[in-house]
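Asker: First, the structure itself, so that you have it in front of you.
Bear in mind that the values in this text are calculations on the coordinates, not laboratory data. Just so it is clear, the model here is predicted, and its values are computed rather than measured. Every residue, glycine among them, receives a Cβ derived from its backbone with ideal geometry; neighbour counts consider all protein chains shown.
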Amino acid sequence: MTDRTSSDPPGRHGSRLAALRPSPLRRTSDRLEALAGVLVVLALLAAIPVALAVATATYTNGVSLAAAETASRRLVTGRLLEDGTSQDGAAASSAAVATVEWDDRAGATQEGQAAVPVGARAGSTVRIWVDRQGDRAPPPATSQEAASDAVVFGMSTFVGIAALAVGAHVACRTLLDRGRMRRWEESWAAVEPIWTRTIP
């Protein structure tokens, strides 16, 4: 049994690097497979800062969007012109849609559809979001939504890079295995007749 010197890298990564060293016992396909393994490890390591950068950029943009939407929208009090009924007609639903009217900054009355609690009666009030012109607008984005999007995009980026790297490695190994099998069959076809003649 041979002793491993202090210069030999430990673990699987070390064995992959060692397989890249010239040796008469290693085939070219073996070195290519080891190189592919090292490249996969490097791709996975590189995917981490890339994913973090994507997540950071997504969060920054999301927070900026949330701030801009919050600044351009406001809550006003609307009056229901009809009873709140669920969209699908199910009484157990917790949200409904009803026609609501509200006053814009100029004092003009606006009218539109808004989400209201199921069972809300005509004449009752509800808080709704409007834009600078006083038109109905969806609620502004929040920092929590920006954080959630950042996690999703960051993880998706890492998984995407990892999937591409692993897929390329599997494809490379498949091609190398096919080549090794083909060369083995060719070598066996060359020596098999000689062996069968020499064996009584």
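Asker: In segment 92-191, if every C-alpha pair distance is counted and binned at 10 Å from zero, what percent goes to each bin?
Answerer: Over segment 92-191, the share of Cα pairs per 10 Å bin runs 12, 20, 16, 12, 11, 10, 8, 7, 4, 1 percent.
Asker: Please list, in chain and number order, the residues 5+ apart from S124 or on another chain whose amide H is under 5 Å from its amide H, with Hs placed from the backbone.
Answerer: Close amide H contacts, sequence-distant or interchain: L80.
Asker: S143: net charge of surrounding residues, Cβ under 15 Å, Lys/Arg +1, Asp/Glu -1, itself excluded?
Answerer: Details: positive: none; negative: E69, E145, D149.
Surrounding charge for S143 is -3.
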